[in-house]
Structures are given as structure tokens and as C-alpha cells.
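Before anything else, here's the structure in question.
The values are calculated or read from the model by the stated rules, or taken from the named source; none is laboratory data. Keep in mind that this is a model prediction, so the values were computed, not measured. Heads up, the Cβs are rebuilt from the backbone with ideal geometry, glycines too, and the neighbour counts pull from every protein chain shown. Side chains included, ligands, DNA and RNA excluded: accessible areas come from the protein's heavy atoms. Shrake-Rupley method; radii C 1.70, N 1.55, O 1.52, S 1.80 Å.
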Amino acid sequence: MTASFHPSMFFFAGALLLWLLPLLGRRILILLVPAAAFAVITQLDPGLSWGYQLLGFDLHLLRVDKLSKVFGYVFTLNAFACFLFALHLKSRYEHCAALAYIGASLGAIFAGDLISLYVFWEIMAVTSTFLVLARQTERAYGAAFRYVMVHIFGGLCLLAGILLQVNATGSVAFEGFSLQGLPTYLILIGFLVNAAAPPLSAWLSDAYPEATVTGGVIMTAYTTKTAVYTLIRGFAGWEILMVVGCSMAIYGIIWAILENDMRRILAYSIMNQVGFMICGIGIGTAMALNGAVAHAFAHIIYKALLWMSAGAVLYLTGKSKCTDLGGLYKTMPLTMIFGTIGALAISSFPFLSGYTTKPMIIEAGVHEGFFWVWMILEIASAGVFLHAGIKFPYFVFFAKDNGLRPGEPPKHMLLAMALLSFVCIFIGVYPQPLYDLLPFGAVEFHAYTFEHTLNQFQLLMFSALAFFLLLPLLKRTETISIDSDWIYRKGGRLFFAVADRCFNGLNSWADRLFVRYLPGQLAKFFEEPGGNVQKYGLKLLDEASGNEADRSECEAKIDRRSRSAGYPVGGGVLLSVLLLAVLSLLFFSVN
């Protein structure tokens, strides 16, 4: 039974069942669902199942192989920790959206064809929007609107690419794309939008920090990493992805260093880390692809841990800006320790998960002779330690004491952070179980060589020295970073204003002419059609002859004759019929 049961069904069923259960039942359910899904994934047999037919195509909702399973493992493991962190929530609304969102993510990674993938892809976009809306602030509503607009654009690109691909090949198979043309480039753009690749990347740093405390934690794992999965599945070895990945790695660092909001700092670091993964996909060798998968696994865990520590601070203090925080280590020591573990893990500190995963990508670039890739990723690695490894914990938990004394968060939040901290340490100390899950052959990478460890410590120490030497320049300021979303925020308003002026102006003119003026004139004319025709003919004759002196007397005679019903009714009816005939002729000739 479990050998072919779809893991996403647990989440969709749970999202419906939530509405029937009391609070205690809901708390049990949200923990039971990811645990059950994880157990089922361990028992899935490789192959295709859950087949159905649509439009003459054989489609499959469940494709199981090592690639889909490793993402399934980390998605469900992270979901368990996230729901444990969110155990205090009483709202069915947010838990329902989260369950459906995670279920759609699992549906996407296990989808066996492009059509099934697209269906789950769009469900992800819709359900994740509700995690932003759930915060119920004006900023959240605006961010959610922009979030869904960008994802509609990405979804339309993906749909157009799929339709063109099916038309060109006659197949809906979702495998590695070998032909480079308009269909595959549209599909690639659709995937890269969800991966938060510039210039359409600002939705991430715009929406995630405006989500609820728990919604932000959940969203960090799924949309971008589902995109990474699809890029591995469809575009491995496309060298353009090395350029995209390197630009993301640098782009995220620059904006994270400039940012003042702690959750926005962590949002930009997601772009940076996904850039490493996309670069590995572009390199395309077995080591690079294994490194991208392993790094995605590790990233989901330590990024959720970082967002949990930031979320705990926001939950207890109501503040998110670094200028408002500081000195929290005094009353939140455990949160500080867990947050620091996440910060060191993302920085590839030895004995933590980032150290045993991310260097695989850099090493693969070196093996393939991509010196420029190695150089950019090393610079990006130093930048990660600057903005996430030091800046985040320093300004949030240390730096200037602003007198906040919130205390530790609830025990279930601490337990969730402790669980993810353990995973970070376990993968960092003993990565072999993760390496055994990787889908692209045996891993020939040894993290703990003397040379590699020494080089990494040198890199980290240099970054730390640079941070404290440049600390006066990096001090917290009340700033707002302008990202690429400024273009469509301002451009959207300009477009709306122009469209309003043009189309609503045209509509107003048409209303005045065709709704108000013309019907009134026609109604006035057909009150006395025979007399009005005579008056108009008399006017034309007088203007042609130049004799207009006696016209008023003639018009008076016409009015008297009209009032005495001197004109036959049939004449008015004839004119009405002729008018209708002309209008009908115009209508049918246009259509």
C-alpha cells in the first residue's frame, strides 16, 4: 500500500481535516501529517504510478527516483520542524494554507510529467500567498499582491513553454531538455522566477519578511527549492545557469549587507545560497549536481533555523529592524545559540552542514576548469559570513543594547530550533548518510582534508576581520533598500495612470456620446419624425438658396401640423425601420 501512496495526499487531506478538529486534534494532526509522509517516502518504490489520461496524454502524478526522494525527505523533515515551531497557533486558516502549500510542493517534485507539474506549481503559488495575507497588515496585503502578480507572470511563461514544447515534440515528458529554443527558454524563465533569479527576484525579499512569523519560516524552504529541483531535472549542464547562479550569489550578498531588517537580510541570503545551487546545476557534472542537491538539503534546514530564531525575536518583541534590536543574548541565550548555529552553518563553518555540502559545488567548478566560477563563489562565500554569519547574530543579539528583555520563546519553538540545530551538526560531523541519498552516483568528495579545512578557516577569519574593521561603515541605519521591484511598483502605477487616462477617457467620451447625447437626440427626433424631417429639409434648402428669412414661419406651420397629427404614423414607422436596418447592416458588416 505505502509503496505507491502519494505523500502529498497526507497534506491535502490534513488541510481539509483541520476544519473538523478541535485545537488539540489540530496540533496532533499537523505533526502527524509530515511524519507519516516521511515514513511513506522511505517505502516508495522507484517508477511511475498514479497514472491518468488527459487530452490524449498519459500522465503520472507520482514519479519516484533518488532525486525526488531526497527532496521529499527534506521537505517533510522541515515541515515537521516548522509545524512544531508553529504549535502555538490557534488559527485553522494559516495551518490549512501551510499544509496545502507543502502538499503542492511535494506534488511538484513527484510529478511525472509537465502538465502535472504545472498544476501543482500553480497551487503552490496560490496557497503560499495566503501565508503572507495571514499577517493582515497593509504592507502584507501589498506584498501579497505583488507576490502573486510575479508568480502569475512566471506561471504564464511556464504554461506557454509547456504548450509550445508539447506542440513541437508531441510529448509531455519532464526529463532533461536537450533542445534549446523558445519552448525550453520559456520553461526555464518560469522556473527561474520561482528560484528568485534577478531581475525578477525582489518578490522574495518583498513578501517573505511580510509573512507571519511561522509563515515566513515555512516559505523559506519550498518555492525556491522546488525550482532548484526542476532545474536539476530539466536543465542540468546548461552553462547559462552558471552565469545566473554567480550573479545571484553576488546580488544577494550586496543587498543583504545594505539591509536593516533582519528577516529581509535572511531573505536576500536565500537568493545568495540558491545561486550556489543553480551554478552547480549549470556546471552539470555528477559532483556539481550532487553538491547542488546536498546543499539544497542543508540549506533548507539551516535557513529554517535562522528564520525560526528571527521569528522568535519578532514574536516576542514585535520588532524586526536591526536598529531596534540588540542585547537580546541576556534574556534569549538559547535562541541566540540556535541562531548562531544556523549562521555558522550557512557560512560553511567546519563541523556544520554547510561545510560538507556547499564546497562540493566550488570543487566541481575547479575540476572543470571554470576559474571564474571558483573566484566568484569564493568571494560570495566570504560575503555569506559577513551578512549572515556575523551581521545577523551580531546586530540582533549583541551590538547596542536597546533595553529589550523579552525572555525565551515557548518551549515548542525552542524544541524545533534544537531539532534543526542537531541536524546541522549531524550533517556537518557525519555527512555520509546524506551522501548516500544523493542521486548522481557515489560522492568522491572529502570535506575534512587539512588543505580544505585550513583554507576555509582562513576565509572565515579574513571575513570576520573585514567585518570588524569595517564595522563603522556597516553600522545600523534607518535605511530602505531599493530593489528591482521599484521598476514594476513605479512602472505599474504609471501604466495604471496612463491606462486610466486613455481607456477611461475613451469610455467617458463614449458614455457621453452614445449613452447620454445620441439616445436623447434620437428620442427627441422620433417624437415628431415627419415634422423633424421637414424642418431639416427646409433648413438645407434655405441654406442652399441663401434665403433664411421666412424659415421660422414655415417651421411654425410644420409644428402646428404635427400637433394636429397631420403627418401619417406610417412615415415615422418607416423612418424607424430604416434606422434599424442601417444599424443592423453596420453591426453585421463589422462582425
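Restrict the search to segment 414-515; then list the GluC sites (Glu not before Pro) that DSSP places in a loop and that have at most 12 other Cβ atoms within 10 Å of their Cβ.
Here the sparse-neighbourhood loop sites are 444, 478.
I've got another one for you. Treating the beta-carbon of each Lys and Arg as +1 and of each Asp and Glu as -1, no other charges, what is the dipole magnitude of segment 1-235 about its Cα centre, to the nearest 20 debye?
540
Okay, moving on. Find, among the GluC sites (Glu not before Pro) in segment 114-193, those assigned to loop by DSSP (not H, G, I, E, B) with at most 14 other beta-carbon atoms within 10 angstrom.
Loop-located and lightly packed - 175.
Averaged per residue, what accessible surface does segment 1-235 expose to a 1.4 Å probe, in Å²?
Each residue of segment 1-235 exposes 35 Å² on average to a 1.4 Å probe.
Here's something else I'd like to know. Against the longest alpha carbon principal axis of the chain, how many degrees, from 0 to 90 and to the nearest 10, is the axis of helix 92-110 turned?
80
Starting from the coordinates of the alpha-carbon atoms of segment 236-484, obtain the Kirkwood hydrodynamic radius over all distinct pairs and give the value in Å to one decimal.
18.1
Now a separate question. Can you give the angle from 0 to 90° between the axis of helix 353-367 and the longest principal axis of the chain, with both taken from C-alpha atoms, to the nearest 10?
80
If you don't mind, another one. With axes computed from alpha carbons, what is the tilt in degrees of helix 240-258 against the longest principal axis of the chain, rounded to the nearest 10 within 0 to 90?
So the inclination is approximately 80 degrees.
Go through 398, 129, 298 and say which Cα lies farthest out towards the positive end of the charge dipole of the chain; charges sit on Cβ, +1 for Lys and Arg, -1 for Asp and Glu.
Farthest along the dipole direction, towards plus: 398.
With contacts defined as alpha carbon pairs under 8 Å and 6 or more residues apart, what's the relative contact order of the chain in percent?
It rounds to 12 percent for the chain.
Can you return the lysines within cross-link range of residue 66? Criterion is Cα-Cα under 25 Å, with same-chain partners fewer than 8 residues away left out.
Leaving aside lysines fewer than 8 places away in the same chain, those within reach of residue 66 are 225, 303, 358.
With point charges of +1 on the Cβ of Lys and Arg and -1 on the Cβ of Asp and Glu, referenced to the Cα centre of the chain, which listed residue (187, 353, 173) lies farthest in the positive direction of the dipole?
Comparing the listed Cα positions along the dipole, 353 ranks first.
To continue, here is another question. For the chain, compute Rh as the Kirkwood radius over C-alpha pairs and then the Stokes-Einstein diffusion coefficient at 37 °C and 0.692 mPa s; write the answer in µm²/s, rounded to an integer.
121
Same structure again: Could you state the accessible area per residue of segment 236-484 in Å², with a 1.4 Å probe and every protein chain left in place?
Spelled out: the 1.4 Å probe surface of segment 236-484, per residue, equals 37 Å².
Here is a further query. Give the average over all directions of the projected area of the C-alpha convex hull of segment 1-235, one decimal, in nm².
Result: a mean projected hull area of 12.3 nm².
Still on this model: If Lys and Arg each add +1 and Asp and Glu each add -1, what is the summed charge of the other residues whose beta carbon sits under 12 Å from the beta carbon of residue 20?
That sum, taken over residues with Cβ under 12 Å, equals +2.
Rg and Dmax of segment 349-391, Cα atoms, in Å?
When restricted to the Cα atoms of segment 349-391, Rg and Dmax are 11.1, 33 Å.
Would you work out which of 141, 49, 316 lies farthest towards the positive end of the dipole of the chain? Charges go on Cβ: Lys and Arg +1, Asp and Glu -1.
My answer, from the dipole projection, is 316.
Send over the Kirkwood Rh of segment 86-220, from the inverse of the averaged 1/r over different Cα pairs, rounded to one decimal Å.
Value: 15.6 Å, from the Cα pair sum.
Quote the charge dipole size of segment 236-484 about the Cα centre in Debye, to the nearest 20; the model charges only the Cβ of Lys and Arg (+1) and of Asp and Glu (-1).
Using Cβ point charges on Lys, Arg, Asp and Glu, segment 236-484 gives about 960 debye.
Determine the sum of side-chain charges near residue 388: Lys and Arg each +1, Asp and Glu each -1, restricted to other residues whose C-beta is under 15 angstrom from that of residue 388.
After counting each charged neighbour, the total is +3.
Could you calculate, for segment 316-418, the ratio of the Cα radius of gyration to the Kirkwood radius, expressed as Rg to Rh?
Using Cα coordinates only, the ratio equals 1.11.
With +1 assigned to the C-beta of every Lys and Arg and -1 to the C-beta of every Asp and Glu, and no other charges, what is the dipole magnitude of the chain about the Cα centre in debye, to the nearest 20?
Dipole size: approximately 1560 debye.
For segment 23-80, restrict the atom set to alpha-carbon positions and state the Rg and Dmax in Å.
Rg, Dmax (Cα atoms, Å): 14.6, 46.
Could you sort 496, 11 by their accessible area in this structure, using a 1.4 Å probe and putting the largest first?
Final ranking, largest accessible area leading: 496, 11.
If you take every residue apart from residue 60 with its C-beta less than 13 Å away from the C-beta of residue 60, what net charge results, scoring Lys and Arg +1 and Asp and Glu -1?
Cβ neighbours under 13 Å give a net charge of -3.
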